[in-house]
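The values are calculated or read from the model by the stated rules, or taken from the named source; none is laboratory data. Because the structure is a prediction, the values reported are computed rather than measured. We place every Cβ from the backbone using ideal geometry, glycine too, and count neighbours over all the protein chains shown.
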Amino acid sequence: MIPFKKIKTVILDVAYAFEKQEGMEEATDLIWNLLDRDYQVFLVSSNQNHNLSKENFSHPRLTIQTEMPQNPDNLPVDSPLMLPQALWVTDHPPTQKWLMAEQKYLVHKNEISENLLTQRVVHLSELAWLLDPSLYSMAHVLDCIRDKLEKPPGKSLIVAIGGPPKSFYERFGLGLKDYLESQEISLVETVDMAHFLKTVDEVMESPPESGPWHHGEIRDWLLETILKPAGSGDKILIENGPPLFSSELETLFPFFLAPGSVLILYGEMVFQKEIQPLIDISVLVECSDTEITRRLYEFSEGIHFEPKFTTAYQETSGKIYNKYLLENQVAAKVDVRLDSSLLGVFVLKDE
């Protein structure tokens, strides 16, 4: 089986793409998808009538080969096309034969005799999915969930996901819900903790003594009405919120949680001391200060900006977030760490 998680370089034979417009669009989508995810991409064509030098693609991680290697055996050993973590995508029979003989990774659309180092896809969008690091991050969390669901049975599982501003932790939380449901874990609910906890920006605007919760009553209601009963395996059905703060929680209701469900909590500063004992799996989404700054100030990707902007973040909201991490000992207690520094991708960090 191809270890898609380890692939870093993709060699794409685009000969088929010239056959019809939808093929070209499919290849173009895949190319930009891979480049956005930090892959090194090489474009080749097994059709000698194609002149790739005329293509207007331009990217630091994109290399256009003017011609398909006619004799791959002559490629230098240190050629990027020969790297152990390189994946070839081609329907060219002679090249396929050579790749299989050399035990190289091969993805193809035509029908050939497959082995453990080859895989067929019907559409290139399938390959984009297979090469998505977020998929493996979600699969890792799923493994943790399945292990925990077995003991004790019937208890609802609480998964908490948090991260700094602009780390897109909420995107991972909602994507995880969809992924779990696609893997036959049907009882999944989510709670946006912004209903209960302040964001970093809100903490900056509040008196220091006010704490991270919007107010104590809403904290107590969450703990006693949802989180503790969920951890005990109780069935929870709440049709309307408490009158005291019903307007703040109106999008949460009606709320139903069956025993044995997975409850996903997501929020910037979700790992508070009151919640930590009730969390079964904690997922920390991290992001470099430079990338957070780029997103906060909406600088275009690849555009250089002065370090003073990053310093400004580190001395304001970044300082508050790091203080929260230290006070709640988040780094020492987290189960899964992800890096979202690449836009739209959640990479599982080495344990």
For segment 159-189, give me the residue count where each residue is in a helix (DSSP H, G or I) and more than 28 Å from Lys319 (Cβ to Cβ). 9
So if I check each of Leu99, Leu135, Leu87, Leu127, which one is surrounded by 13 or more Cβ atoms within 10 Å (Cβ to Cβ) and either part of a strand (DSSP E or B) or of a type in the set (Asp, Glu) (or both)? Leu87
Could you say which residue among Phe271, Phe299 is of a type outside the set (D, E, K, R), touching a helix residue (DSSP H, G or I) at 6+ places or on another chain (Cβ under 6 Å) and not in a helix (DSSP H, G or I)? Phe271
Residues to consider are Lys308, Lys235, Lys333, Lys228; find the one that is assigned by TED's automatic domain parsing to the domain that holds Thr190 and within 27 Å of the chain's Cα centre (by Cα). Lys333
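Per-residue answers, yes or no, for (1) surrounded by fewer than 18 Cβ atoms within 10 Å (Cβ to Cβ); (2) of a type outside the set (D, E, K, R); (3) modelled with pLDDT under 95:
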site	(1), (2), (3)
Arg146	yes, no, yes
Lys155	no, no, yes
Leu176	no, yes, no
Ile185	no, yes, yes
Val200	no, yes, no
Ser206	yes, yes, yes
Lys228	yes, no, no
Closer than 19 Å to Tyr179 by Cβ, in contact (Cβ under 8 Å) with a residue 60 or more places away in the chain and in contact with a Leu (Cβ under 6 Å, 6 or more places away or on another chain): does that describe Phe346? yes
Of (1) in contact (Cβ under 8 Å) with a residue 24 or more places away in the chain; (2) of a type outside the set (Val, Ile, Thr); (3) in a helix (DSSP H, G or I), Glu209 satisfies every one except (1)
Is it fair to say Arg337 is over 19 Å from Leu197 (Cβ atoms) and in a strand (DSSP E or B)? yes
With respect to the numbered conditions (1) part of a loop (DSSP other than H, G, I, E, B); (2) charged (D, E, K, R); (3) modelled with pLDDT of 95 or more, which one is the sole condition not fulfilled by Lys319? (1)
What's the total number of residues in segment 182-201 that are closer than 14 Å to Gly260 by Cα and free of Cβ contacts under 8 Å to residues at least 12 places away in the same chain? 2
Leu131 passes all but one of the listed conditions (1) of a type outside the set (S, T, N, Q); (2) modelled with pLDDT under 90; (3) within 29 Å of Leu174 (Cβ to Cβ); (4) touching a Lys or Arg at 6+ places or on another chain (Cβ under 8 Å); the exception is number (2)
Among the residues listed as Leu116, Leu142, Leu131, the single one being closer than 19 Å to Leu35 by Cβ and out of contact with any strand residue (DSSP E or B) (no Cβ under 7 Å at 6 or more places or on another chain): Leu131
Restricted to segment 248-268, and to residues that are of a type outside the set (S, T, N, Q) and in a helix (DSSP H, G or I), which residue is modelled with the lowest pLDDT? Glu248
Please go through (1) part of a loop (DSSP other than H, G, I, E, B); (2) touching a residue at least 24 places away in the same chain (Cβ under 8 Å) for Leu284 and return the number of the only condition it doesn't satisfy. (1)
